[in-house]
Ligand SMILES: [Fe+2]
């Protein structure tokens, strides 16, 4: 099977497997935002765009488990990838990207350039498309001041996990805009 077909299948799988805990619209905007940044950074750093496209599309499929969703997403991706018989290094890199895309990752060092890029893209995608949705969800769980504090912390954490030079330059204005939003948000 060619790569284009696998990518089309991955898009379809992502759209039909929205985690039960995530509103569909926000989930799609997040994943597609992450994909855009991942491909942009892949170009910048000569990284493998196929690995990043598949990893970006599947990175949050296990988000319904909450905290340890990287492991769950990696497990789902592994099962999904089995039918394609990709070369082992390609398969393993996709799984490593998904496994290490969160700030909760305990890997030492930054991993491959593809792993770094997916982590960056996840942070950037959140800062561009999802922090307001995150805040809205927090407001349902916490008192207003606490919801704001949790959201500001989350925004800062998502920026902190961006490590490539290009990612940081893309993320700075997004971080500023998000923090500006919280100054007057109610
Ligand atoms: Fe994500």
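The values are calculated or read from the model by the stated rules, or taken from the named source; none is laboratory data. Computed from a predicted structure; not experimentally measured. With ideal geometry, Cβ positions are generated from the backbone for all residues, glycine too; neighbour counts draw on all protein chains shown.
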Fill in: Set 124, 179: member being assigned to a helix (DSSP H, G or I), at pLDDT 95 or above, out of contact with any strand residue (DSSP E or B) (no Cβ under 9 Å at 6 or more places or on another chain) and crowded, with 20+ Cβ neighbours inside 10 Å
124
Practice prompt. Please determine, by comparing only the residues of the stretch 100-116 that are more than 15 Å from the ligand (Cβ to nearest atom) and farther than 18 Å from residue 38 by Cα, which one is modelled with the highest pLDDT.
Written response: 109
Worksheet, complete the sentence: Flagged in the stretch 1-16 as surrounded by 15 or more Cβ atoms within 10 Å (Cβ to Cβ) and within 19 Å of residue 72 (Cβ to Cβ), in numbering order, are 10, 13, 14
Discussion item. Could you check the stretch 22-47 and list, in sequence order, the residues that are out of contact with any helix residue (DSSP H, G or I) (no Cβ under 6 Å at 6 or more places or on another chain), modelled with pLDDT of 95 or more and assigned to a loop (DSSP other than H, G, I, E, B)?
Written reply: 46
Discussion item. Please count how many residues of the stretch 25-49 are more than 12 Å from the ligand (Cβ to nearest atom), more than 16 Å from residue 90 (Cα to Cα) and crowded, with 21+ Cβ neighbours inside 10 Å.
Written reply: 1
Worksheet, complete the sentence: Restricting the stretch 71-99 to residues that are buried (at least 21 other Cβ atoms within 10 Å of the Cβ) and touching a residue at least 24 places away in the same chain (Cβ under 8 Å), the one farthest from the ligand (Cβ to nearest atom) turns out to be 93
Worksheet item: Any idea how many residues of the stretch 127-164 are outside any helix (DSSP H, G or I) and under 21 Å from residue 96 (Cβ atoms)?
Response: 4
Discussion item. Tell me whether the stretch 100-112 contains one or more residues that are surrounded by 15 or more Cβ atoms within 10 Å (Cβ to Cβ) and part of a helix (DSSP H, G or I).
Written reply: no
Worksheet, complete the sentence: The number of residues in the stretch 9-21 that are within 13 Å of the ligand (Cβ to nearest atom) and out of contact with any helix residue (DSSP H, G or I) (no Cβ under 6 Å at 6 or more places or on another chain) is 0
Item to complete: Consider residue 52 carefully, then state whether it is away from the ligand (no atom under 11 Å from the Cβ), under 17 Å from residue 95 (Cβ atoms) and buried (at least 23 other Cβ atoms within 10 Å of the Cβ).
Response: yes
Worksheet item: Does residue 81 qualify as being part of a helix (DSSP H, G or I), under 18 Å from residue 30 (Cα atoms) and touching a helix residue (DSSP H, G or I) at 6+ places or on another chain (Cβ under 7 Å)?
Response: no
Discussion item. Out of the residues in the stretch 58-70 meeting the condition of being within 11 Å of the ligand (Cβ to nearest atom) and part of a helix (DSSP H, G or I), tell me which one is surrounded by the fewest Cβ atoms within 10 Å (Cβ to Cβ).
Written reply: 63
Item to complete: Among the numbered conditions (1) within 16 Å of the ligand (Cβ to nearest atom); (2) more than 19 Å from residue 37 (Cα to Cα); (3) in contact (Cβ under 8 Å) with a residue 24 or more places away in the chain, tell me where residue 121 comes up short.
Response: (2)
Discussion item. For a quick check of your reading of the model, give me the residue pairs whose first member lies in the stretch 29-52 and is over 12 Å from residue 117 (Cβ atoms), whose second is more than 13 Å from the ligand (Cβ to nearest atom) and in a helix (DSSP H, G or I), with beta-carbon atoms closer than 6 Å and at least 6 apart or on different chains.
Written reply: 50/3
